[in-house]
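Chemist: After the structure tokens below, expect a handful of questions from me.
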Amino acid sequence: MAKTDIGPPDYKTMLPPVISRNYGKWLYHEILKPGVLMHIAESGEALYTVRAGSPRLISTDHIREICDLAEKYCDGYLRFTSRHNIEFLLDDKNKVDPLIAELTSLNYPVGGTGHAISNIVHTQGWVHCHTPATDASGPVKALMDEIYDYFVTMKLPNHVRIALACCLNMCGAVHCSDIAILGIHRTVPKTDNTRVPNVCEIPSTVASCPTGAIRGDMKAKTVTVNDEKCMYCGNCYTVCPAMPIADPDNDGISIWVGGKVSNARSAPKFSKLAIPFLPNNPPRWPEVVEAVKNIIEVYASHARKHERVGEWIERVGWERFFTLTGIPFTDKHIDDYDMATETFRTSTQFKWG
Amino acid sequence: MAKTDIGPPDYKTMLPPVISRNYGKWLYHEILKPGVLMHIAESGEALYTVRAGSPRLISTDHIREICDLAEKYCDGYLRFTSRHNIEFLLDDKNKVDPLIAELTSLNYPVGGTGHAISNIVHTQGWVHCHTPATDASGPVKALMDEIYDYFVTMKLPNHVRIALACCLNMCGAVHCSDIAILGIHRTVPKTDNTRVPNVCEIPSTVASCPTGAIRGDMKAKTVTVNDEKCMYCGNCYTVCPAMPIADPDNDGISIWVGGKVSNARSAPKFSKLAIPFLPNNPPRWPEVVEAVKNIIEVYASHARKHERVGEWIERVGWERFFTLTGIPFTDKHIDDYDMATETFRTSTQFKWG
Amino acid sequence: MAKSKTPLLDELEKGKWPSFVKDIKQAAQKSPMAEDLLQQLELSYKDKIGHWKHGGIVGVKGYGSGVIGRYSDRPDLFPNVQAFHTLRVNHPTGWFYKTDALRKLCDVWDKHGSGLTNMHGSTGDAILLGTKTEHLQPCFDDLSAAGFDLGGSGSALRTPSACVGPGRCEWACIDSLDVCYNLTMEFQDKIHRPMFPYKFKIKVSACPNDCVASIARSDFSIIGTWKGKILINPAEVTIYAGSDLDIQKEVCDLCPTKCMEWDGKTLKIHDGDCNRCMHCINLMPKALRPGKEKGATILVGGKAPIVQGALLSWVVVPFMKLEPPYAELKDLIERIQDWWDENGKSRERLGELIKRVGMRVFLKAVGLPAVPQMVKAPRSNPYVFFWPEEIQKEVK
Amino acid sequence: MAKSKTPLLDELEKGKWPSFVKDIKQAAQKSPMAEDLLQQLELSYKDKIGHWKHGGIVGVKGYGSGVIGRYSDRPDLFPNVQAFHTLRVNHPTGWFYKTDALRKLCDVWDKHGSGLTNMHGSTGDAILLGTKTEHLQPCFDDLSAAGFDLGGSGSALRTPSACVGPGRCEWACIDSLDVCYNLTMEFQDKIHRPMFPYKFKIKVSACPNDCVASIARSDFSIIGTWKGKILINPAEVTIYAGSDLDIQKEVCDLCPTKCMEWDGKTLKIHDGDCNRCMHCINLMPKALRPGKEKGATILVGGKAPIVQGALLSWVVVPFMKLEPPYAELKDLIERIQDWWDENGKSRERLGELIKRVGMRVFLKAVGLPAVPQMVKAPRSNPYVFFWPEEIQKEVK
Ligand code: SRM
Ligand code: SRM
Ligand code: SRM
Ligand code: SRM
Ligand code: SF4
Ligand code: SF4
Ligand code: SF4
Ligand code: SF4
Ligand code: SF4
Ligand code: SF4
Ligand code: SF4
Ligand code: SF4
């Protein structure tokens, strides 16, 4: 039988020699051009990183192609980033441009560094999950095609981190992204009380509902949803398969903005609602692509250097954000969950728009 | 029978002629010296206001004395401020100094304007209320004696608004004051279940508890308090007289800082906990007086011009506030009520102290 | 010399600040009620505990509010304060008095009560501090004859109050005194006959300095503001530049929106970015004035912590013109109170009700449009409700 | 030319960004599973709905986690994805690979699965995307032989992840890779055998830039930081001064604590006021470096919104030295997990439990002292609990 609990391969066996030699002794770095980092160690040695975009959902043959490149240019050493880009790790500066040339010829985008838009952190969608309100890979591909230029250049005020999650579970980084694309349901789960007794546990189903919309009948082993209290989070479906919530006509996408993770300048922040609903329009989700592009462009032309999306919005005010982007403000933008009152304006300080 | 619903006297009949003439047509003002305002109207006319301190709890004879002064110096016109000071309204500059001289001889403090400490907004305490955890007029008098100088001068970075409330009902301005003095109970109400059935309504008593600590027995018409969930707010006592909470040994005072009401510069803010507990030590509450004085003095020597207490603390950080004042930080400073998580530090940005 | 009966309170006659103990003693010379209050208070100072019982319901004919019942828990020791109720007398708006009115008030109170007052209570009433049950009605009758009426208490509209505003202040953007008085007169019935789920407070400040703490201490906060450019008087700016005031450091650098520019000669304000905080105007009253188009921001929900935690009022109407007879304002107040009255639980303030059911439901019910000025930031949680009609609309 | 069976997905082969559709088609050349996935996905694009059923419980021997069960709801149309489970393979810390290891992974997966992967999943695993139930165990056996192991899923410790840290980054204040790997090895059992109330995530970033989103996406966030002075290299400052960088505007003015002074020649930092946000260091990597005394800030509670709303992690230990074998760190993790395990309800994350019972109770239970660094500001509501022993103490 196979050995268990061996854990992952020791990362030390995966490090290129230049890293092993200079581990923990890096002095500074420079971004030589989009997608190319140079790290200089105390020893004076240099490490060159070439970053290439990836659709993340990749075939084994695609991985082998990456391996081929790594073997050709960097002795077989590479890594992936926390945003799923590929990084080739070179110790020879002379190989950088040839590598980039070959990557380009193979249609790998080289970039994602500095004040760029990097890869979109995303999730499974219709490819593999059971609760999605939209696809993941599709909208990501459609959007990256359109904003490709921001990946291969560094002309934004600061980097813009985009994430997509296909349902409110928010696998990924959606709740703290500069721009987040979130699949949402908008109709109440359709409970099948003939199946509930067999596949669901009543108390945990009742407990799963954040707004207390579910009433359970312990004797009949059935549940009822109070439609007015349901905000379509789908959490009951996670717990009780007899409460499917997907609805092709009413599922779609919401857009969130202004989140961040780093502690640079301002503290980490949650993303906030910008657009409550856009329709699912496969295969290229034009409304979503358009909406995100608009936000990026308004940001690009109004933010000051080094301002993240959320920092820009906080400086000019959300009133102004809605005016500048032309996005309509609705009652849905006003929080009504448990800490809602914290978001209400408790001051006469505001702008007219 | 007396006429009802006549409402208060029409304020227009109470205005001095110089105000009636220039109503709504004021151009600017100057603070001529502590306690003396000069308002200039578009017409060029001037109104002089002389502000004098008051203990608020005053006898009719004291009011008559004020009337005597008003008649002597300002044709019988005066007003009280929203912080319970007395304002003499003069149209003749020459009468200002004689009025001040007489006020001084009668021991009226003249001041409370500009960057001063004005009167302490306060409540009933042991003088008239049924739920106090401390007295109101007593601590106010003891403290004002000690910080008198800040009332009659204008040497602070900005004005400092102090308020006192004798229980968590917070009659007055305690929840948004630069410095607030708040009476607190610290022990669970002593329920008298022999009286409960007669004097209390069970459902409203149960509902009165913010933390859900009270269980009611509808049949026996009695209530039980879960000691661990009780935070001694006394709200149940308001609703149910058979649940007295006052406790001479454990009642006392807590100190709160950094609140404000004006929209000037920063938005209005709540006061935050500085000192969870100080003992009730009548007649002069030395611990309380000392603690408040310390905070004022640290503020006076560290804040920048125009910074309110809360603005100063937010600039330097609460870590620094505790270091500078020497006040110990405890687990009681960390919120654990419904929006507690909003106050937790969600960033690596902080100071060491 | 006889030993004082109030050694603890005597300590509070010392010191420079005027002493309430002196006032109680002064009243005690005429009033046995005041004398017993003094003695009971001394006992409280000794015992470190209040000696009043839980209040009972007392009042005057036709009214449900305006009187706070109070009884001593030691009537054996202090028979004259066995009953010691306060009357809340509605103050003339802005707390302006002519002495003859004040003297009448004193005379009535010397006749019927302890001779002690609070000028004023923190809601704004003239508090007549302590009398016996049998004096309440005669006292009210005499007050009424003297032109005074009671203020609110209990689950009623409480006595509205206003900053001095146009009476003296150059920054008044609305006529706070008239608005307050007009509402007070309009809503006499709501003040005197409690019929709400809980108390309801209205406070009017004529500019964002909010000298009457409207945003913190009222369910319905009316705060003056303006649209358009801050008026600049360049000549006066130059004079300030020559004075002690450091315009760059004290004014521009502290402007919260950083929308001011000062080059040592000209002061420029990017008014589109200004959030009307008042700071620059406060510091340069001769040079700067609020803009010309004036009105009020309406905020609701403010209150102290009991039961759900303290709330500051929330913007619900960014800008409303306020001119007599204030029809739009009154209509909004009525709509809000009606909705609250119908939906609020007992002892649930307006802010708590909105917190419970959601701003969305409130706005729809009272017919106000959602605007970004209502929030500091849009929601961050994805728990968004859609109205049924919106869902149908999307389905093609 | 035959009409494409996937006209909708074909649209996503266009455009410059690498296309996942191409990868699925590539895999489909070898794998009928991948082919059926493609077709089912096309159907989803047509129907605008997913075609996967609610997952079932499948796995490998001895483990409770590492596999996500998945079944098609149209097995009639797509029999090859009737079962289509993913394996979560724990990545080498920092996502570093030598190609031979990667190739082995590919070979195993071609043998047993669809030939499709996610490199990587957003928790950090190498996701092997879709295979049949009967392949799970043999696939695991081959993975194990190739030196790989599964990551976490379900109510287990999830695969910890770390930023590249000392592997490449000059700002690393802790050895993020070693800490992460060490914890991963120490807690193998907790990763593979779900025994918690819900999932538990650990992420390690070696500085406050938090390149692994630790503060937002993990229950236990370890973030490198320092004490003492930022190291300044004045010669390099001078070089920056001569470059495009506007030190005053871009660096000093954006310092959140305004603790930097620049006179055109010398850069001064008032380190006591610095909150170590990294901004100045980020902009001037050659001139500025984190201070010498290095360690980590520990924060807990971060998570996505389900059920109680999203949380960012909260500071619970402002500074902890981190050196192998990380005894203090591991001990803290164990104490926290034990307390959570004992007190957490089913599907209640650590942050939600602390939110429910209060930070005060948490700190006492795990033995951490309260310090002001834990809060943005002290409480504003007066609902303060006292411990029974404190009350006794006060009574004299
Ligand atoms: C490779 C990677 C770490 C890893 O272990 O994989 C990485 C590497 C670096 N990060 Fe990062 N960051 C990486 C994800 C992140 C993330 C996480 C994320 O995006 O999900 C963050 C937090 C994002 C956020 O705040 O929402 C992050 C926030 C930063 C920042 C802060 C920027 C800011 O102003 O907020 C810096 C500093 C800077 O860029 O000046 C930084 C700086 C850097 C530096 C310059 C550090 C260094 O000296 O080596 C590295 C090159 C940056 C570049 O791309 O220009 N890194 N960095 C990750 C690359 C992801 C990618 O493929 O694009
Ligand atoms: C008389 C009074 C209004 C009334 O109707 O009674 C009043 C009158 C003035 N206030 Fe006020 N304020 C009065 C209570 C308040 C309050 C309410 C309170 O204290 O409870 C506030 C909000 C306090 C807070 O923020 O916590 C208040 C915040 C201000 C401010 C904002 C100051 C700031 O920087 O935050 C100004 C502007 C200034 O002082 O430069 C102001 C300015 C003024 C001016 C200069 C307005 C004017 O041009 O006439 C008046 C003289 C101020 C002075 O005392 O120096 N007034 N002022 C109140 C006097 C109370 C007292 O006896 O001390
Ligand atoms: C007299 C006065 C204090 C003072 O010394 O000035 C006062 C006195 C009492 N208040 Fe108050 N409140 C007074 C202004 C306030 C204010 C300030 C304000 O109105 O600006 C507040 C905070 C603002 C607010 O309303 O939120 C205030 C918040 C409370 C509360 C908490 C209400 C809440 O929703 O949080 C209670 C508790 C209750 O209603 O059961 C309360 C209850 C009480 C009671 C009636 C106690 C009771 O349950 O019976 C007190 C009667 C004392 C007595 O024996 O006379 N009093 N009370 C003030 C009224 C005088 C006046 O009419 O002018
Ligand atoms: C595969 C992955 C998305 C991806 O495409 O990368 C994923 C996929 C699923 N997540 Fe996730 N989550 C994944 C990372 C995350 C993250 C990001 C992270 O770990 O940094 C989060 C947000 C952080 C967090 O944990 O709070 C995340 C928050 C959730 C939640 C909400 C948890 C919460 O407390 O709010 C659920 C719901 C649940 O657990 O019932 C969830 C549930 C799920 C399930 C298991 C759906 C379910 O209920 O069965 C998804 C299985 C999809 C499938 O068919 O394979 N997933 N999930 C990620 C794991 C891959 C890996 O191991 O590397
Ligand atoms: S976000 Fe939702 S639908 Fe998407 S992978 Fe995660 S759990 Fe599945
Ligand atoms: S979808 Fe969410 S809100 Fe609606 S019933 Fe299910 S758990 Fe409750
Ligand atoms: S604060 Fe409390 S004790 Fe004091 S007057 Fe108000 S209700 Fe009474
Ligand atoms: S004092 Fe407050 S917390 Fe305690 S039982 Fe009474 S209402 Fe509840
Ligand atoms: S609120 Fe404004 S208008 Fe009213 S008195 Fe204060 S400063 Fe003047
Ligand atoms: S009112 Fe306030 S925000 Fe507007 S310009 Fe003046 S200081 Fe700035
Ligand atoms: S978190 Fe800090 S140490 Fe780690 S890679 Fe990012 S910048 Fe470097
Ligand atoms: S690290 Fe941040 S806070 Fe510290 S000096 Fe640099 S910019 Fe300022």
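The values are calculated or read from the model by the stated rules, or taken from the named source; none is laboratory data. Not measured: the values here are computed from a predicted model. So basically every Cβ, Gly included, is an ideal-geometry build from the backbone, and we count neighbours across all protein chains shown.
Chemist: Would you check which residues across the stretch A:50-63 are at the interface with chain D (Cβ under 7 Å from one of its Cβ atoms) and either touching a Phe, Trp or Tyr at 6+ places or on another chain (Cβ under 6 Å) or within 12 Å of ligand 1 (Cβ to nearest atom) (or both) and list them?
Modeler: A:Gly53, A:Ser54, A:Pro55, A:Arg56, A:Leu57, A:Thr60
Chemist: Can you tell me which residue is nearest to ligand 5 (Cβ to nearest atom) among those in the stretch D:149-158 that are farther than 23 Å from A:Met1 by Cβ and not in a strand (DSSP E or B)?
Modeler: Within the stretch D:149-158, the match that is nearest to ligand 5 (Cβ to nearest atom) is D:Arg158.
Chemist: When the residues of the stretch C:154-186 are narrowed to those that are of a type in the set (A, V, I, L, M, F, W, C) and over 16 Å from the mean Cα position of the chain (by Cα), which ends up farthest from ligand 11 (Cβ to nearest atom)? Steps first, answer last, please.
Modeler: Within the stretch C:154-186, the first condition is being of a type in the set (A, V, I, L, M, F, W, C), and the residues that meet it are C:156-157, C:162-164, C:169, C:171-174, C:177, C:179-180, C:183, C:185.
From what is left, the residues that are over 16 Å from the mean Cα position of the chain (by Cα) are C:169, C:171-174, C:185.
Values: C:Cys169: 54, C:Trp171: 49, C:Ala172: 54, C:Cys173: 50, C:Ile174: 53, C:Met185: 65 Å.
If we take residues in the stretch C:154-186 being of a type in the set (A, V, I, L, M, F, W, C) and over 16 Å from the mean Cα position of the chain (by Cα), then C:Met185 is farthest from ligand 11 (Cβ to nearest atom).
Chemist: Can you tell me which residue within the stretch C:107-160, out of those that are in contact with a helix residue (DSSP H, G or I) (Cβ under 9 Å, 6 or more places away or on another chain) and among the charged types (D, E, K, R), is nearest to C:Tyr63 (Cα to Cα)?
Modeler: The qualifying residue nearest to C:Tyr63 (Cα to Cα) is C:Asp149.
Chemist: Among the residues of the stretch C:52-102, write down those that are part of a helix (DSSP H, G or I), without any contact (Cβ under 8 Å) to a residue 12 or more places away in the chain and surrounded by 19 or more Cβ atoms within 10 Å (Cβ to Cβ).
Modeler: Across the stretch C:52-102, the qualifying residues are C:Thr99, C:Leu102.
Chemist: While we're looking at this one, here's another question. Which one of B:Pro98, B:Pro109 is away from chain C (no Cβ under 11 Å), surrounded by fewer than 24 Cβ atoms within 10 Å (Cβ to Cβ) and in contact (Cβ under 8 Å) with a residue 24 or more places away in the chain?
Modeler: Going through B:Pro98, B:Pro109 in turn, just one is away from chain C (no Cβ under 11 Å), surrounded by fewer than 24 Cβ atoms within 10 Å (Cβ to Cβ) and in contact (Cβ under 8 Å) with a residue 24 or more places away in the chain: B:Pro98.
Chemist: Just to be sure, is A:Ala142 crowded, with 21+ Cβ neighbours inside 10 Å, within 12 Å of ligand 4 (Cβ to nearest atom), within 15 Å of the chain's Cα centre (by Cα) and facing chain D (nearest Cβ under 10 Å)?
Modeler: no
Chemist: I would also like to ask the following. With D:Ser114, D:Ser144 as the choices, which residue is over 17 Å from the mean Cα position of the chain (by Cα), at the interface with another protein chain (Cβ under 7 Å from one of its Cβ atoms), among the hydroxyl-bearing types (Ser, Thr, Tyr) and more than 16 Å from ligand 5 (Cβ to nearest atom)?
Modeler: Unique residue meeting the criteria: D:Ser144.
Chemist: Among the residues of the stretch C:364-379, how many are at the interface with chain A (Cβ under 7 Å from one of its Cβ atoms) and over 20 Å from A:Cys230 (Cβ atoms)?
Modeler: Count: 9.
Chemist: If you don't mind, another one. Among the residues of the stretch B:278-291, is any within 10 Å of chain D (Cβ to nearest Cβ) and over 28 Å from D:Pro388 (Cα atoms)?
Modeler: Among the residues of the stretch B:278-291, not one is within 10 Å of chain D (Cβ to nearest Cβ) and over 28 Å from D:Pro388 (Cα atoms), which makes the answer no.
Chemist: Shifting gears a bit: Quick one: in the stretch A:221-244, which of the residues that are more than 11 Å from chain D (Cβ to nearest Cβ) and in contact with a helix residue (DSSP H, G or I) (Cβ under 8 Å, 6 or more places away or on another chain) is surrounded by the most Cβ atoms within 10 Å (Cβ to Cβ)?
Modeler: The qualifying residue surrounded by the most Cβ atoms within 10 Å (Cβ to Cβ) is A:Val223.
Chemist: While we're here: Go through the stretch C:349-375 and give me each residue that's among the charged types (D, E, K, R), under 25 Å from the mean Cα position of the chain (by Cα) and surrounded by fewer than 20 Cβ atoms within 10 Å (Cβ to Cβ).
Modeler: C:Arg356
Chemist: Does A:Ile86 meet the test of being of a type in the set (A, V, I, L, M) and at the interface with chain D (Cβ under 9 Å from one of its Cβ atoms)?
Modeler: It is true that A:Ile86 is of a type in the set (A, V, I, L, M) and at the interface with chain D (Cβ under 9 Å from one of its Cβ atoms).
Chemist: So which residues in the stretch D:139-197 are of a type in the set (Ser, Thr, Tyr) and under 26 Å from D:Leu353 (Cβ atoms)?
Modeler: First, pick out the residues of the stretch D:139-197 that are of a type in the set (Ser, Thr, Tyr): D:144, D:153, D:155, D:159, D:161, D:176, D:181, D:184.
Result: D:Ser153, D:Ser155, D:Thr159, D:Ser161, D:Thr184.
Chemist: I'm trying to understand the selection: among the residues of the stretch A:109-139, which are of a type in the set (A, V, I, L, M, F, W, C), within 16 Å of ligand 5 (Cβ to nearest atom) and within 15 Å of the chain's Cα centre (by Cα)?
Modeler: A:Ile120, A:Val121, A:Ala136
Chemist: On the basis of being within 26 Å of the chain's Cα centre (by Cα) and under 30 Å from A:Gly212 (Cα atoms), does D:Val317 make the cut?
Modeler: no
Chemist: A follow-up question, please. Within the group D:Val81, D:Val58, D:Val67, D:Val89, which residue is modelled with pLDDT under 95, more than 7 Å from every other protein chain (Cβ to nearest Cβ) and touching a helix residue (DSSP H, G or I) at 6+ places or on another chain (Cβ under 9 Å)?
Modeler: D:Val58
Chemist: A:Ile162 passes all but one of (1) within 30 Å of A:Lys272 (Cα to Cα); (2) out of contact with any Leu (no Cβ under 8 Å at 6 or more places or on another chain); (3) among the aliphatic types (A, V, I, L, M); which number fails?
Modeler: For A:Ile162, the failing item is (2).
Chemist: Across the stretch B:24-41, what is the total count of residues that are facing chain C (nearest Cβ under 9 Å) and touching a strand residue (DSSP E or B) at 6+ places or on another chain (Cβ under 9 Å)?
Modeler: Number of matching residues: 10.
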